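Report on the structure given below.
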Amino acid sequence: MNLMLKLKNLDKLTTSEEALVTYILDFPEKVIRFSPKELADHSYVSMSTIYRLINKLDLDGLNDLKFALVSYLNEHTSEQIIDIDYPISAEDNHYAMTKKLKTVYDQTVQSTIDTNNFDSMALNGALLKNAEFVDVYATSANIYFAQNFQFQMQEIGKQINVPIDDYMQNLSAANSTPTHLAIVVSYGGRSSSVKRILEILKQNNSKILLITSKNSPLLNEKVDGVFLFSSLENHYNKISSFSTRMSLMYIFDSLYLSFFNKDYDRNLAYKLDNYQKMNPKLV
């Protein structure tokens, strides 16, 4: 049964749940782009009403509701909703490709926001703020995002270590202490090297901030903080990792801003002062 029929056949709904169902049926194209708060505001219901309805639909969160709506709209409308894995076609011109890529980025950022929550974001920012030493463990292309985060933090005086090869990652983990924060990035969480690093970090009682996906087995590990990737993409069957890369960059940038904002004036002054030292001719 498709989602629209399922919505129409729900019974024993409260008045507010009925109002929400009506809104979803009337405006599915809007709902797929809303955050939970935006959906609550536009349908004039509470956030708890949204999640009660999601539970009654046997869905796992707002993202699953959006996926079901996208599937329905793709089958019943002439204009396809963007396919995150294959956002362009062979017939697209450059204008169409740039517009579609923007849509992929927009949907990814919103999905990343929906998948995480503001309380955990604040706690993760506090972990970074309180750490004396910070090590970021990443592999493949994710290393470049870790290095960009390293660059951002160094501009405001916070030193970040990004070990690259397997030996240096293991050595950094072995050298860690309770004053270290380890930011461990692994989308699928199935790498034996990541699991080994986590074991070493735990032996040393280091703080651990995990960045992974919602279906990762690493979520069973005891860690101090978690950020979740947007999980819109197929892990293998796709043109490229547009969505996953955007999600990781957004997470790192959010972590940077959380740290920056805890001492906004000092961090801004530090950054500008150093630019002045490096470029004395600047006014």
Checklist line | Selection status of residue 273, at negative phi, open to solvent by 50 Å² or more (accessible area, probe 1.4 Å) and at pLDDT 95 or above | finding: no
Next item on the list: Considering only residues that are exposed (fewer than 15 other Cβ atoms within 10 Å of the Cβ) and in contact (Cβ under 8 Å) with a residue 60 or more places away in the chain, look in the stretch 97-122 and name the one that is nearest to residue 240 (Cα to Cα).
Entry: 106
Item checked: Odd one out for residue 95 among (1) in contact with a Ser or Thr (Cβ under 8 Å, 6 or more places away or on another chain); (2) farther than 19 Å from residue 256 by Cα -> (1)
Check: Do you know which residues across the stretch 221-257 are out of contact with any Asp or Glu (no Cβ under 9 Å at 6 or more places or on another chain), in a helix (DSSP H, G or I) and open to solvent by 30 Å² or more (accessible area, probe 1.4 Å)?
Finding: 245, 246, 249, 250, 253, 257
Check: Residues of the stretch 140-187 being open to solvent by less than 10 Å² (accessible area, probe 1.4 Å) and under 18 Å from residue 226 (Cβ atoms), which ones?
Finding: 146, 149, 181, 182, 183, 184, 185
Note to self: So, residue 254, is that one in contact with a strand residue (DSSP E or B) (Cβ under 9 Å, 6 or more places away or on another chain), under 30 Å from residue 88 (Cβ atoms) and small (Gly, Ala, Ser) or not?
What the structure shows: yes
Item checked: Residue ID - modelled with the lowest pLDDT, chosen from residues in the stretch 83-96 that are open to solvent by less than 80 Å² (accessible area, probe 1.4 Å) and under 15 Å from residue 239 (Cα atoms) -> 83
Check: Does the stretch 132-139 contain any residue that is of a type in the set (D, E, K, R) and crowded, with 17+ Cβ neighbours inside 10 Å?
Finding: yes
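The values are calculated or read from the model by the stated rules, or taken from the named source; none is laboratory data. The structure presented is a predicted model; accordingly, all values stated were derived computationally and were not measured. Cβ coordinates were reconstructed from backbone atoms using ideal geometry, including for glycine residues, and neighbour counts include every protein chain displayed. Heads up: the accessible areas ignore ligands, DNA and RNA and are worked out on the full protein's heavy atoms, side chains in. Shrake-Rupley method; radii C 1.70, N 1.55, O 1.52, S 1.80 Å.
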